[in-house]
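Peer 1: Can you keep this structure in mind? I'll have questions shortly.
The values are calculated or read from the model by the stated rules, or taken from the named source; none is laboratory data. It should be emphasised that the depicted structure is a prediction, and the values quoted were computed from it without experimental measurement. Ligands, DNA and RNA are stripped out before the accessible areas are found, and what is left, the full protein with its side chains, is counted by its heavy atoms. Shrake-Rupley method; radii C 1.70, N 1.55, O 1.52, S 1.80 Å.
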Amino acid sequence: MATYKKRGYKPKTQKEKVEHIEEESTTAEVFNTLDESASKTEEWVIKNQNYIFGVVGVVALVVLAIMGYNKFIAEPNAQEAMNEMTVAQGYFDEALNATEKDSLFTLSLEGGEGKYGMLDIIKEYGSTPAGNLANYYAGMAYLNMNKYQEAIKHLGDFSSDDLMLSAISQGGIGDAFVQLNQLEDGLSYYEKAIKTNANDFTTPLYLKKAAIVAMNLGNNQKALDYLNRIKTEFPKSDDAKDIDVLIGKASASL
């Protein structure tokens with residue numbers, strides 16, 4: 001039975017050490033384990049040469065297994081998922097520019113033309129990059145359909161190395177919480193979006209949203225701080241157009 005181990009836990013028996021290595025799910029993590037072992041003293045290495053050679057053999061098998069899995073199972077599965085996603089993504093893109101959005105967002109979520117929707121992609125290919133990205137699309141579709149709990153769930157399940165996309169997903173969760181009148185949660189996610197990535201588009205947008213929510217919560221000093229950031233750091237952004245009015249309102253309430 002798997003048990004929780006605190007960060008920094010060091011396996012004691014040979015069985016635990018082998019299990020620890022096998023639990024690492026990527027090649028990079030396996031090599032990180034080896035790097036940590038290499039940092040120990042030479043004396044320890046000399047005393048445990050036989051054991052080291054045994055563990056290296058196990059590691060080699062694990063690495064080969066991972067490489068084989070990636071080559072013959074994971075990569076084809078990921079490509080298949082991306083192919084399946086094409087039609088659903090098309091519905092999503094079409095919905096953004098349509099007058100009647102809900103029906104197209106529904107097709108994006110549930111599928112059409114005999115193809116999977118985002119929810120199917122998540123269910124069938126959840127461990128692939130496409131499955132992860134489908135959570136983003138599903139979350140934003142639900143947000144546009146005013147289904148805020150579902151939006152929070154799927155955007156919360158999404159993760160990305162793309163900082164811009166991460167900021168937008170955090171901001172989307174903030175929007176959903178604000179619509180549910182959970183202002184403190186909304187403010188928290190706007191602040192996460194602000195910190196995730198500094199750029200001329202999302203940063204002033206979420207600074208302004210955070211400032212407005214902060215004013216509604218009675219925290220006018222925080223609101224003023226955010227508004228002044230927009231004025232000084234992003235004076236040419238669309239969100240700076242009426243910034244002096246908002247600064248005056250926040251200042252008057254201090």
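Peer 1: If you rank THR232, THR128 by how much accessible surface each has, with a 1.4 Å probe, what is the order from largest down?
Peer 2: Descending accessible area places them as THR232, THR128.
Peer 1: Separate question: SER253 to LEU183: extension gain in nm, 0.36 nm per residue of separation minus the Cα-Cα distance?
Peer 2: Separation in residues times 0.36 nm, less the Cα-Cα distance, equals 23.3 nm.
Peer 1: Tell me whether the range 160-254 comes out rounded, prolate or oblate; compute the Cα gyration tensor, take square roots of the eigenvalues as a ≥ b ≥ c, and use a/c under 1.5 as the rounded threshold.
Peer 2: In terms of gyration-tensor shape, oblate.
Peer 1: Still on this model: How would TYR206, TYR226 line up by accessible area, probe 1.4 Å, largest first?
Peer 2: Ranked list, largest accessible area first: TYR226, TYR206.
Peer 1: What pairs from LYS153/LYS231; LYS209/LYS236; LYS147/LYS222; LYS101/LYS153; LYS153/LYS241; LYS101/LYS231 go past 24 Å between their alpha carbons?
Peer 2: LYS153/LYS231; LYS147/LYS222; LYS153/LYS241; LYS101/LYS231
Peer 1: Over the range 103-211, what portion of Cα pair distances is larger than 20 Å, expressed as a whole percent?
Peer 2: When all Cα pairs of the range 103-211 are counted, 40 percent exceed 20 Å.
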